[in-house]
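No lab work stands behind these numbers, since they all come straight from the coordinates. These numbers come from a predicted model, not from an experiment. Please note: Cβ atoms are built from the backbone with ideal geometry, for glycine as well, and neighbour counts cover all protein chains shown.
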Amino acid sequence: MYKWFLAWRYLNTKLIAFFGIASVMLCVAMVLVVLSVMGGFLDTIRARSRGLHSEIVLESGSLQGFPYYEEFQKYVAKEMPDVVRISTPVIYTYGIFRVPATTYTRPARVVGIRLKEYVQVNDFARGLYYERYFPGTTHLGEQSMPVAGLMDDGQIKLPEPLESANKRWRESETDPKTLEEFDRLPFEKAFFPSVTSVVPATRVFAVGAGPPSFEGAPKGGVIIGVDLLHYRRPDGNFDRQIARGADIALTLMPLSPTGNPTGEPPVRLPLRYADDSRTGIYEIDELCVYVEHDLLQHHLAMDAQPLEGGGSTRPRINQLQIALQPGVELNSARDRIQGAWHRFRVSLGEDITEMDERALAFVTAYTWEDMQRQFIQAVEKEKVLVTFLFGLISMVAIVLVGCIFYMIVEKKTKDIGILKALGASGKGVGGLFVVYAGAVGVVGSLLGLLVGSVFVWNINDIQDILASLNPQLRVWSPEVYSFDRIPEAVKRADAVWVAVVAVLSSIIGSLIPAWIAARVWPVKALRYE
Amino acid sequence: MNNTLLRARDIHRSYGEGPTEVKVLRGVNLSVPAGEFLVVMGASGCGKSTFLHILGALDAPNRGAVEFHGKDIFSQSAQNRGFYRNREIGFVFQFYHLMPELNVLENVLIPRMVGHSILTWRRARREAKSAAAQMLERVGLSGRARHRPNELSGGERQRVAIARALINRPALLLADEPTGNLDEVTGADILKLLVELNDAGQTIVMVTHDAKVASQAHRRVHLSEGVIRETVAATGGREPAVVATARIAQ
């Protein structure tokens, strides 16, 4: 009993124990912060990656694409209605992105999608900016530029479809925070002091001198990766300098089914900025633009092209994104769809051309996890590595606890002698210091969990405060990490694991001093003054 | 009837080896009957405390045996020797050796705690606290139970040490210069307390070099050059109380 009693009493009265507690606390807090931030980072990456693709992606991995996709869509719809919910074709190519009103020109990955289908197979819709506040107004078809106008009563209003869409959104939005967020958007109220309600003005919409209207020749719409078009401020918000409906030009290089340039001059595609997309993955948002599938297919000469000897080529795509029925297991669905593809190819018989045969040979089904595996694994490895390194640093706690307990044993030599004189065994006295170290570990861990959790929960506020003192202190750059905010969730399992390891570390650290205490010769200890 | 509680046979103890070897005890023989108040005297450094530590199994002899109720304590396991120190022996030291983090009551309770696991303590706690309170009352410190050692005088600290030594009702109280660190009046008080305890049946072996203190014993032995040179019977008219088992009546 004395072991527990004295350990508790020493814990309360010995100042030196607080150094042990402090070292355990700091190590626990440090590892918990690293685990939480890296874990949160990984979780966010996984969640965002999940939203990039449909559950199953069928692709050939080649820019010239593969044919017979429409036939396969019908095939799986008929053969596997219990597995496949919907599928949609996607085309990928590369081009040059330009904003004609400026000198801004960048390379871009051009993605041809059928927007209505595409938003049903993945989370693309969630990242659309205008679609969020003006639901139902984003499309990739031909469109003119919406221009807000000044009304007779001094208010600025958008053209009718947009104004009523925003009203619908306001009425349906139940979260006051989101409404508040909308009201904080960088709309220029300052120019119109008489405006009572917030109305989007320049920057996000063009404003004209007359009544609200649509201006300019109709052009196909383009959804642009947000980081490609807008500047992301250090606080994570975007500085929107280009208004919706602005002219955009894409230059494309069509490829023949063999993969060679067609010989035709590059295609210049005039488009209008319909919306911007934010998947949350910086590498995608600074590179991708999305245009109407059929338009891109046509301009890349991937649609049916007449052949010299009569007949025509088969239209081609790069990817078929397939959404599954609810509850269907991902990997087994991939395998079944891959099997279906092989059966489909066999069903095509010998009639297909050699070129098509080659294109079809490499078509493979992947799950969304397969598609992002390399990226996710890299982050997973990074998490393990960083946790390991910080865990290694935390081993210092073991050494520190060892040193502190060695000092405590030295200081408590007389007490050890007294206890032995009162009948305590060497094992019992050693046990006292192990229990004491365990108590230091438990208290240090609990405090560490508290400090670490509070730190993680407020990590973004802390960073904001530091950045307000000196911008150089902003360590989490939204431009680099894709996310505006540092992940701020603490997982219970992580906390328990860190605490258990910390308590064990404290106990391990105390073993040598405890062994020394157990071997103290009581006579010598009692003469110790 | 054989009334011998403790017997030391041919105790040898030396420190160091080879040319630096110091032979402290060179064949000490002593027998302590139950109920006796025995004083071991001798010059500083003659080995009195070493002898006392060997009697209490805090130190081991190089040669010889210490028999308690006829059983050699050094032929037993370390665990049994711990049990012997906890249950059969009570130590009182010159410098009190109280634990500064604990209050008076807790200091007195520590030997009881040593004898219990955390599980058995739950049942024993109430009785132990009551025994500690009685013991403090007996040494005249019932009003000081919640004080820390640094809030007590030297005499009071020594009384706490005596209460702690007696909490497990040991057969033998070993006192190493218990008045050596106290002024004359306080020392006399402590001695009076020890005499009262002895009168109640407590066997005491005390080390001292103070002849005045020694005069209160039934018997005093002189240790010189590692052996007992002289045994002197009591001169103050005190005779050992007749006790069958040397336990203090509670």
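Inter-chain Cβ neighbour count for B:94-101, averaged per residue, equals 5 (cutoff 10 Å, partner chain atoms only). Built from the Cα atoms of region A:107-169, the convex hull projects on average onto 6.0 nm², one quarter of its surface area.
Compactness check for region A:1-143: Cα Rg over 2.2 N^0.38 Å is 1.94. Taking the alpha carbon gyration tensor of chain B, multiplying each eigenvalue by 5 and rooting it gives semi-axes of 28, 21, 18 Å, largest first. Peptide A:512-519 has a mean shielding of 0, counted as Cβ atoms of other protein chains within 10 Å of each residue's Cβ.
In this Cβ point-charge picture (+1 for Lys and Arg, -1 for Asp and Glu), region B:17-125 has a dipole of about 360 debye about its Cα centre.
Arrange A:504, A:11, B:136 by Cβ neighbour counts within 10 Å, fewest through most, would you?
Details: A:504 13, A:11 18, B:136 23.
Exposure proxy ranking, most exposed first: A:504, A:11, B:136.
Binning the C-alpha pair distances of the protein assembly as shown at 10 Å intervals from 0 yields a P(r) profile of 2, 11, 15, 13, 10, 8, 7, 7, 8, 8, 7, 3, 1, 0, 0 %, listed from the shortest bin outward.
What whole-number distance in Å separates the alpha-carbon centres of region A:77-102 and region B:171-212? Cα centroid to Cα centroid, the span is 100 Å.
Note on residue A:382 and residue B:21: the model spin-label points, each 7 Å out from Cα along the C-beta direction, lie 7.2 nm apart.
Other residues with beta-carbon under 13 Å from the beta-carbon of residue B:209 carry, at +1 per Lys or Arg and -1 per Asp or Glu, a net charge of 0.
Based on DSSP, what percent of beta bridges with both residues in the protein assembly as shown are antiparallel, to the nearest 5?
Details: 69 of 99 bridges.
Given both bridge residues lie in the protein assembly as shown, the antiparallel proportion sits at roughly 70 percent.
Computed log10 I(q)/I(0) for region B:144-222 at 0.11, 0.15, 0.17 Å⁻¹: -0.28, -0.52, -0.67, from the Debye equation with unit scatterers placed on every C-alpha and solvent omitted. Over every Cα atom in region B:79-196, the radius of gyration and the widest Cα-Cα span, Dmax, amount to 13.8, 45 Å.
For region A:53-181, lysine pairs with C-alpha atoms less than 26 angstrom apart, excluding pairs fewer than eight positions apart on the same chain, total 6. Dividing the convex hull volume of the alpha carbon atoms of region A:218-320 by its residue count gives 126 Å³ per residue. If you wrap the tightest convex hull around every Cα atom of region B:69-128 and split its volume per residue, you get 129 Å³. The simple spin-label model puts a point 7 Å past each Cα toward its Cβ; for residue A:139 and residue B:72 those points are separated by 10.8 nm. Remark: mean inter-chain Cβ contacts per residue of A:409-422 equal 5, using a 10 Å Cβ-Cβ cutoff to other protein chain atoms.
Computed from the Kirkwood radius of its Cα pairs, the Stokes-Einstein diffusion coefficient for region A:328-479 at 37 °C and 0.692 mPa s stands at 142 µm²/s. Screening chain A for DSSP H helices whose Cα atoms reach 30 Å or more along their own axis and whose mean Kyte hydropathy is at least 1.6 gives A:15-52, A:426-457, A:492-518. As a rough guide to protection, the peptides A:218-229, A:444-455 ranked by mean Cβ packing within 10 Å, highest first, stand as A:218-229, A:444-455. With a Förster radius of 45 Å applied to the beta-carbon distance between residue A:474 and residue A:332, the computed FRET efficiency rounds to 0.50.
Legend: P(r) of region B:27-133 from all alpha carbon pair distances, 5 Å bins from 0, whole percents, reading 2, 9, 17, 20, 18, 16, 12, 5, 2, 0. Working ranking of peptides A:508-517, A:310-319 by packing, defined as the average number of other Cβ atoms within 10 Å per residue, highest first, is A:508-517, A:310-319.
Within 10 Å, count the other beta carbons around each residue, average over each peptide in B:139-150, B:177-188, and list them highest first.
Numbers: B:139-150: 15.5, B:177-188: 17.4.
Final packing ranking: B:177-188, B:139-150.
Cβ crowding within 10 Å, taken as a proxy for footprinting-reagent exposure, orders A:294, B:10, A:239, B:176 from fewest neighbours to most as A:239, B:10, A:294, B:176. Projecting label points 7 angstrom from Cα along Cα→Cβ for residue A:262 and residue B:211 puts them 12.9 nm apart.
The lysines whose alpha-carbon is closer than 21 Å to the alpha-carbon of residue A:524, local same-chain residues fewer than 8 away aside, are A:411, A:412, A:414, A:420, A:427, B:23, B:48.
Near residue A:108: Cβ cut-off under 14 Å, other residues only, Lys/Arg at +1 and Asp/Glu at -1. The net charge is -1. Only Lys, Arg, Asp and Glu carry charge here, each on its Cβ (+1 for the first two, -1 for the last two); on that basis the protein assembly as shown has a dipole of about 4720 debye about its Cα centre. With K and R counted +1 and D and E -1, the other residues having a Cβ less than 9 Å from that of residue B:93 yield a net charge of -2.
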